[in-house]
1. Just want the ordering: PHE45, PHE68, from fewest to most Cβ atoms lying within 10 Å of their own Cβ.
2. My understanding is that a pair violates if its Cα-Cα distance is over 28 Å; which of LYS38/LYS103; LYS81/LYS103; LYS38/LYS136 do that in this structure?
3. Can you tell me the relative contact order of segment 1-160? Whole percent, Cα pairs under 8 Å, sequence separation 6 or more.
4. How long is the gain from MET114 to ASP152 if the chain were fully straight, where each residue apart is worth 0.36 nm and the alpha carbon distance is subtracted?
5. What aspartates and glutamates does LYS99 reach when the alpha-carbon gap must be under 20 Å and sequence neighbours fewer than 8 apart in one chain are set aside?
6. Residues with amide H under 5 Å of TYR87's amide H, sequence separation 5 or more or different chain, H placed in the peptide plane at 1.01 Å from N; which?
7. When Rg is the radius of gyration of the Cα atoms in segment 97-174 and Rh is its Kirkwood radius, what does Rg/Rh come to?
8. Which trypsin sites (Lys or Arg not before Pro) in segment 101-170 pass both tests, a DSSP loop state and at most 12 other beta-carbon atoms within 10 Å?
Amino acid sequence: MTLWQRVQRVVLVILLGPSIAWAAAGVAKVQGTNVGSKITGTVSFQDTRGGVKLSVQLANVPPGTHGFHIHEFGSCEEQGKAAGGHYNPRGVPHGFVPKDGLKRAHAGDLGNIMADPQGNASLEAVIPGVSLSGSKYAVGGRAVIVHEKADDFGQPVGNAGGRIGCGLIVITGR
Ligand SMILES: [Cu+2]
């Protein structure tokens, strides 16, 4: 191997190594938790250098503002109650994690999602410092929850009421 080939190999490892480690992708299929609910949708997850990126598309959601969070456990049983509380690995107060960061918000504090008069709701967000599949603060295997009411950012969990939609976060690949 020439010196130039060795240099190329080192550069490739430096460029590609970390990007492979970050590249996990996943999905949560959201369904209504109440009998007869037609809520449906998808949350796509992608690990990026800046944190996990979410892309949310929901349908048949009651028009208006709904709290939207990642909750601790990967279960949608008992109308979403089995998902437990907000994913809060650092034991900090409730906030809005894209703005407040992990020191002043739960890792799962994604704020609100807005449903239009037709019941469609979409959202794009990045949670800094959180991953889908990394060794620290990973959200894979947890659950996304759509709440009945708006998250008003009051303590301790935002007063968003019941859990009308839920989906398990599944790692699908890269
Ligand atoms: Cu919640």
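1. Values: PHE45 25, PHE68 28.
In order of increasing Cβ crowding within 10 Å: PHE45, PHE68.
2. On the way: LYS38/LYS103 36 Å; LYS81/LYS103 26 Å; LYS38/LYS136 35 Å.
Over 28 Å apart, Cα to Cα: LYS38/LYS103; LYS38/LYS136.
3. Details: 368 pairs, mean separation 38.9, N = 160.
The value is 24 percent.
4. Values: separation 38, 0.36 × 38 = 13.68 nm, distance 1.34 nm.
Computed gain between MET114 and ASP152 is 12.3 nm.
5. Excluding near neighbours in sequence, the set is ASP47, ASP109, GLU124, ASP151, ASP152.
6. Correct list: ILE70, HIS71, GLU72, GLY108.
7. Numbers: Rg = 13.4 Å, Rh = 13.9 Å.
Ratio value, two decimals: 0.97.
8. Working: sites: LYS103, ARG104, LYS136, ARG142, LYS149, ARG163; in loops: LYS103, ARG104, LYS136, ARG142, LYS149.
Loop-located and lightly packed - LYS103, LYS136.
Any read-out appearing in this document is the output of simple, stated calculations on the displayed coordinates, not a laboratory observation. Bear in mind that the values here come from a model prediction, so they are computed numbers and not experimental data. When we count neighbours, we look across all protein chains shown, and the Cβ atoms used for this are built from the backbone with ideal geometry, even at glycine.
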